[in-house]
Amino acid sequence: MKRSRGIAGLAAAVLIIVLLTYTAVCGWGSSHSGAMRNIRLGLDLAGGVSITYQAKEAHPSSEEMKDTVYKLQKRVEAYSTEASVYQEGDNRISISIPGVSDANEILKELGQPGSLEFQTADGETVLTGSDIKTAKAASGQNRTTGSSEYTVELQLNEKGKEKFAEATRENVGKQISIIYDGEVISSPKVSEAITGGTAYIDGMESYEKAEEIASSIRIGGLSLELTELNSQVQGAQLGEEAISTSLLAGGIGLAAVILFMIAVYLLPGLASGLALLIYTGLVLVLLNAFDITLSLPGIAGIILSIGMAVDANVIIFARVKEEIAAGRSVRTALKNGFHKALSAIIDGNITTLIAAAVLWFLGSGTVRGFAQTLALGIVVSMFTALVITRMLIQSFYAAGIQNEKFYARKMKERKPVDFLGKRTLFFAVSLAVILGGFAVMGYHHVKGSGMLAYSLEFQGGTSTTVDFHKDYSISEIDKSIIPVIREAAGDSEVQAQKVKDSTQIVIRTKALDLKQREALNQALEEQFQVKESDITYSSISSTISEEMRRDAAAAVLISTICMLLYIWFRFRDIRFAASAVTALVHDVLVVLAFYAVSRITVGSTFIACMLTIVGYSINATIVIFDRIREERKIQGKRENLAELVNRCITLTLTRSIYTSLTTFMMVFFLFVFGVSSVREFAMPLMIGIVCGAYSSVCITGALWYVMKTKGRRNTVTEKGK
């Protein structure tokens, strides 16, 4: 009976893999069939709508422009987390929304930006758009007639709440008109004073009308009145080649990781490989289900998460090997392995999930998109490790494969390495690398080239629209046009995007002076017979505004504090939390030093890279601390504290190496096969993975030991403290 259940479990796993593969993977390619066809792709992969607005005011202030850009960014994120808004020239704002192609529909849904006022019957303005926090359409039923009713729900900010309470109190029984861009869109009658900060506009003829007015109110809260200049559909920047090379890297990396796991962990490694296939399929299907926008960094993040998903399996199987080496039966070893690994897996993933949650609530743009993908990967990886892998191993065992030689090789007892004895050297090396990074940044700053090699997303540049009078493919643009522009403009970072159904190409470079523009004009004329009248230039602001950078920094800071509090709560020792967070900051600073020395472009992927390191590097530390906590409970005061820490680090050393190696393999293949923008994302990640392994093994345990024994005499010989 057990044997048949085991075979049935394995057959079910194979069937799930086949179904997920058919549903999720078969969509890639020219046919785009299957569930994958519905995944929303980012602007770099699928193109989208570009809309340009101009301020009605002749000379808007810098503060007004920045505020308007930021508010529009928040609003267009309703269409996609990958949408971007940036200032163009002194009084224009451009919006790019990926994954859509109907500019008119977007303009209709987004609303026409203009002034918004709430006026009493005698013409007094009591509210403006800046007093409205948000507005949305709502529907319900009339309690008397049962007919449908449609309303607009308004949420006021604190200032607006006070002003509206006073206005409605003084105008009960009278009308307050809502005037949008000089036109009355609604004149609701005040039935009572409204003091709660929420108001309703009723009497809407349809839900669509209610949504139209809500949209107008939302967009009317801008600092400036805007008029639409133009809208166009842009083609993809990278296209199928970027997708296919990234998928190739993912496939090769996944195969390499599965083969590695089988070679190291035998039958459990095979089980983890099957679970990884299920994990990959589930992630791809859920991307479609949750309508998550997938950009090129997002693809890279998913491939990276495959490597991270191995982490829980390595923790479990390392424990199983220890149990078998200790003389337990295979059945008992499997049970104990999962049980003893549970706390480290949960703690490590919850700390990362905390970071993802904070990033989602406080971040914006690509930060929120990254948080979605990160959270999805964490939840699915925990499910596949704790449920699917366990089910598969139990099915193998129930099917009759019960000999311990299939589950673990004989382990030789490893002599503890004296990591603490070398802590001074480790601390000195880390400090030298970090200070060296700051020194290099200072050198570049003094030289005038910028502390880091900031990209267009951070510092803005020049947008050049060229009509080539010929339809070039993305591959032709990448191979023939971009190299010419790089040489003429003296810029290694060039972004090019086609305008759909035209022969125009929008090219974004660093800020070009008059001499560089003339050189570019000449190069385009000589190489592609483009006339000067076919070329237009405009300066553009950074798409990552100061507010977005501030939001990202605040999100990282708050998530770090939340992780510190969680680790403190779980381990009942602030020193565990403090040393873990210190090591996390160490990893970020080392990778920052690498950016400074290598001069890799710091763009939107920089934020994603740093956030990945924040979420990833703490996992190995949690495993080591979990073992120290466990061994202290068992050993009590019988073992020297320094020896205990060294022994715990040594016991988890193989796990730390294997986890880092599997993740490194995934990112390495991404670096080898990916397009240039992916390689710029992958290289710092590889440095971060290596650095995370180093800090977990060499820094965190030593930091905790130093904090634990600080101020005590004879700390090396004290026992159990």
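State all residues of region 491-509 that are more than 31 Å from the chain's Cα centre (by Cα), surrounded by 12 or more Cβ atoms within 10 Å (Cβ to Cβ) and either at pLDDT below 80 or hydrophobic (A, V, I, L, M, F, W, C) (or both); if no residue qualifies, say none.
First, pick out the residues of region 491-509 that are more than 31 Å from the chain's Cα centre (by Cα): 501-504.
Now drop any that are not surrounded by 12 or more Cβ atoms within 10 Å (Cβ to Cβ), which leaves 502-504.
Within region 491-509, SER502 is the sole residue that qualifies.
Exactly one residue out of LYS108, LYS66, LYS71 is farther than 30 Å from SER244 by Cα, among the charged types (D, E, K, R) and at pLDDT below 70, and it is LYS108. A single entry from LEU524, LEU512 fulfils the requirement of being open to solvent by less than 20 Å² (accessible area, probe 1.4 Å) and either acidic (Asp, Glu) or at pLDDT 85 or above (or both): LEU524.
Within the bounds of region 19-41, is there any residue that is in contact with a Cys (Cβ under 8 Å, 6 or more places away or on another chain) and either open to solvent by 40 Å² or more (accessible area, probe 1.4 Å) or modelled with pLDDT of 75 or more (or both)? Steps first, answer last, please.
First, the residues of region 19-41 that are in contact with a Cys (Cβ under 8 Å, 6 or more places away or on another chain): 33-34, 36.
Next, from what is left, pick out any that are either open to solvent by 40 Å² or more (accessible area, probe 1.4 Å) or modelled with pLDDT of 75 or more (or both): 33.
Among the residues of region 19-41, at least one is in contact with a Cys (Cβ under 8 Å, 6 or more places away or on another chain) and either open to solvent by 40 Å² or more (accessible area, probe 1.4 Å) or modelled with pLDDT of 75 or more (or both), which makes the answer yes.
Evaluate the following for THR145: is it out of contact with any Pro (no Cβ under 6 Å at 6 or more places or on another chain) and open to solvent by 60 Å² or more (accessible area, probe 1.4 Å)? So THR145 passes the test. Total residues in region 658-675 satisfying the condition of being more than 16 Å from GLY251 (Cβ to Cβ) and surrounded by 21 or more Cβ atoms within 10 Å (Cβ to Cβ): the figure is 4. The set of residues in region 111-124 being at pLDDT below 70 and crowded, with 19+ Cβ neighbours inside 10 Å consists of GLY111, PRO113, GLY114.
Please specify each residue of region 624-666 satisfying the condition of being part of a helix (DSSP H, G or I) and in contact with a strand residue (DSSP E or B) (Cβ under 8 Å, 6 or more places away or on another chain).
LEU641
The condition of being part of a helix (DSSP H, G or I), free of Cβ contacts under 8 Å to residues at least 60 places away in the same chain and of a type in the set (Val, Ile, Thr) holds for only one of ILE482, ILE505, ILE434, that being ILE482. Taken together, the residues in region 311-325 that are of a type in the set (Asp, Glu), more than 10 Å from ARG655 (Cβ to Cβ) and open to solvent by less than 20 Å² (accessible area, probe 1.4 Å) amount to 1. Could you look through region 74-95, keep only residues that are in contact with a strand residue (DSSP E or B) (Cβ under 9 Å, 6 or more places away or on another chain) and among the hydroxyl-bearing types (Ser, Thr, Tyr), and pick out the one that is modelled with the highest pLDDT? Among those that are in contact with a strand residue (DSSP E or B) (Cβ under 9 Å, 6 or more places away or on another chain) and among the hydroxyl-bearing types (Ser, Thr, Tyr), it is SER94. Selection within region 583-610: residues that are more than 21 Å from the chain's Cα centre (by Cα) and surrounded by fewer than 17 Cβ atoms within 10 Å (Cβ to Cβ). The member of this set that is nearest to ASP491 (Cα to Cα) is ARG599.
Among the residues of region 129-188, what is the count of those that are among the aromatic types (Phe, Trp, Tyr) and in a helix (DSSP H, G or I)?
Here is the first cut: in region 129-188, the ones among the aromatic types (Phe, Trp, Tyr) are 150, 164, 180.
Checking the rest, the ones that are also in a helix (DSSP H, G or I) come to 164.
Within region 129-188, residues that are among the aromatic types (Phe, Trp, Tyr) and in a helix (DSSP H, G or I) number 1.
For first residues located in region 404-429 and on the phi > 0 side of the Ramachandran plot and of a type outside the set (Lys, Arg), partners that are modelled with pLDDT of 85 or more and in a loop (DSSP other than H, G, I, E, B) and lie 6+ apart or on another chain with Cβ distances below 8 Å do not occur. From the list THR384, THR373, THR366, the lone residue that is at pLDDT below 80, open to solvent by less than 40 Å² (accessible area, probe 1.4 Å) and within 30 Å of PRO98 (Cβ to Cβ) is THR373. Restricting ALA289, ALA300 to those that are within 20 Å of ALA371 (Cβ to Cβ), at pLDDT below 80 and open to solvent by 40 Å² or more (accessible area, probe 1.4 Å) reduces the list to ALA289.
When restricted to residues that are open to solvent by 70 Å² or more (accessible area, probe 1.4 Å) and at pLDDT 75 or above, region 532-557 contains 4.
Among the conditions (1) open to solvent by 10 Å² or more (accessible area, probe 1.4 Å); (2) modelled with pLDDT under 80; (3) over 17 Å from ASP551 (Cα atoms), PRO98 misses just one, which is (1).
Mind telling me which of the residues VAL264, VAL283, VAL257 ends up being within 26 Å of LEU611 (Cβ to Cβ) and at pLDDT 85 or above?
VAL257
Taken over region 125-141, the residue count meeting the criterion of being open to solvent by 40 Å² or more (accessible area, probe 1.4 Å) and either out of contact with any helix residue (DSSP H, G or I) (no Cβ under 6 Å at 6 or more places or on another chain) or aromatic (Phe, Trp, Tyr) (or both) is 6. Every condition in (1) over 30 Å from VAL126 (Cα atoms); (2) surrounded by 21 or more Cβ atoms within 10 Å (Cβ to Cβ); (3) at pLDDT 75 or above is met by GLY235 except one, and the failing one is (3). Exactly one residue out of ARG331, ARG319 is modelled with pLDDT of 80 or more, closer than 21 Å to MET382 by Cα and more than 30 Å from the chain's Cα centre (by Cα), and it is ARG319.
The single condition among (1) open to solvent by 30 Å² or more (accessible area, probe 1.4 Å); (2) at pLDDT below 80; (3) over 16 Å from THR151 (Cα atoms) that GLY196 does not satisfy is (2).
Mind checking which residues of region 388-429 are of a type in the set (Gly, Ala, Ser) and either within 14 Å of TYR265 (Cβ to Cβ) or in a loop (DSSP other than H, G, I, E, B) (or both)? Residues satisfying the conditions are ALA399, GLY400, ALA408.
Filtered by the rule that a residue be over 40 Å from the mean Cα position of the chain (by Cα), of a type outside the set (Ser, Thr, Tyr) and over 17 Å from MET204 (Cα atoms), region 136-171 gives ALA165, GLU166, ALA167, ARG169, GLU170, ASN171.
The values are calculated or read from the model by the stated rules, or taken from the named source; none is laboratory data. Everything numeric here is computed off the predicted structure, so don't read it as measured data. As a convention, Cβ positions derive from the backbone with ideal geometry for all residues, glycine included, and neighbour counts pool all protein chains shown. With ligands, DNA and RNA removed, areas are computed over all heavy atoms of the protein, side chains included. Shrake-Rupley method; radii C 1.70, N 1.55, O 1.52, S 1.80 Å.
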